[in-house]
Amino acid sequence: MTHSHEIENDNIDLTISFPDRFMVDAFEPKTGPEKDIIVFTFPVNNKKAAIRLGLYIKQGDFDLMDVEVSPSTENRALYLIFVEMRRTKKIFDVMSSFLKFIESLTGKKEWYFKAYEFDQYLQWKKTIFLKTVFPESETNLVRNRINQNVEITKLRAQEVNHGHAQNIKLKNCITENHLHLESLQKEIDDLNSIKKNLSHHYKNMKVVRKQLNKQLELFKQHEELSLLRAEQDYMRIRELESRISQIYQPGSKNTHAFVQPSNTPDISTEADS
């Protein structure tokens, strides 16, 4: 009921979504052996269109063994409608009526079909259908199905080999990435070691700088003290020069005090006489 409600309210153009081609005996039947059951497969390029047609087919007055809608395994955008009927000599007439029933939704079409043994689509005509779909004996049908299974097995083996090759590539890629990560980790460790050494060197430089600043401060103090002493010495020298110039200045009382008069007897001469 849920699907019916959705289908009644959609705006799907079934003339586009539903092609004019279908396959015969391309898949094995689910409801019985191949000699008794024939499978018609209709490809649909829209999920809602496939569900709508599947429900519509089930409502038809036909002796259908099974109707199923399933996504395609080869093309994710494609959906398949499987219709199983009894394999009888009247199957062409039954299928022709069935196609006209479908045309009430899809519009009139010029139908083409592809039988299991053929690679090309053929026009929907009774003579062509009977020659291609009904083999001469049941053995031919079984032999053809065996050949199909062989081809499927080969394709699966190729897929397995391809998957194995992909796994090998993936492992090699993982190994390369692991080696690259190890190389990056080594570079990171080296950078951390350099950073640690630079940090230690920076601390030593701070200590040296502190010591140099201290020595510079002491040197400034010593220089200031030297300048003060030089200034004091300069003042003393100036003071001495001033005194000396006063002592030896002509006409100074201090100068006469050191000059002995000419009429003064020589104390040393008198003592000798």
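The values are calculated or read from the model by the stated rules, or taken from the named source; none is laboratory data. As the structure is a prediction and not an experimental result, all values here were calculated from the model. Here the Cβ is made from the backbone with ideal geometry for all residues, glycine too, and neighbour counts use every protein chain on show.
Observations
- Pairs with Cβ under 8 Å, 6+ apart, first in the range 96-120 and on the phi > 0 side of the Ramachandran plot, second of a type in the set (A, V, I, L, M, F, W, C) and surrounded by 15 or more Cβ atoms within 10 Å (Cβ to Cβ): Gly107/Leu14
Okay, residues lined up against (1) modelled with pLDDT under 75; (2) closer than 21 Å to Glu74 by Cα:
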site: Asn144; (1), (2): yes, no
site: Asn147; (1), (2): yes, yes
site: Ala157; (1), (2): no, yes
site: Cys173; (1), (2): no, no
site: Ser183; (1), (2): no, no
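- Test result for Gly54, closer than 14 Å to Val83 by Cα and outside any loop (DSSP other than H, G, I, E, B): yes
- Within the range 104-120, the only residue that satisfies the criterion of being exposed (fewer than 15 other Cβ atoms within 10 Å of the Cβ) and either touching a Pro at 6+ places or on another chain (Cβ under 6 Å) or assigned to a helix (DSSP H, G or I) (or both) is Ser104.
- Extreme residue, surrounded by the most Cβ atoms within 10 Å (Cβ to Cβ), among residues of the range 31-72 that are among the β-branched types (Val, Ile, Thr) and within 24 Å of Ile146 (Cβ to Cβ): Val39
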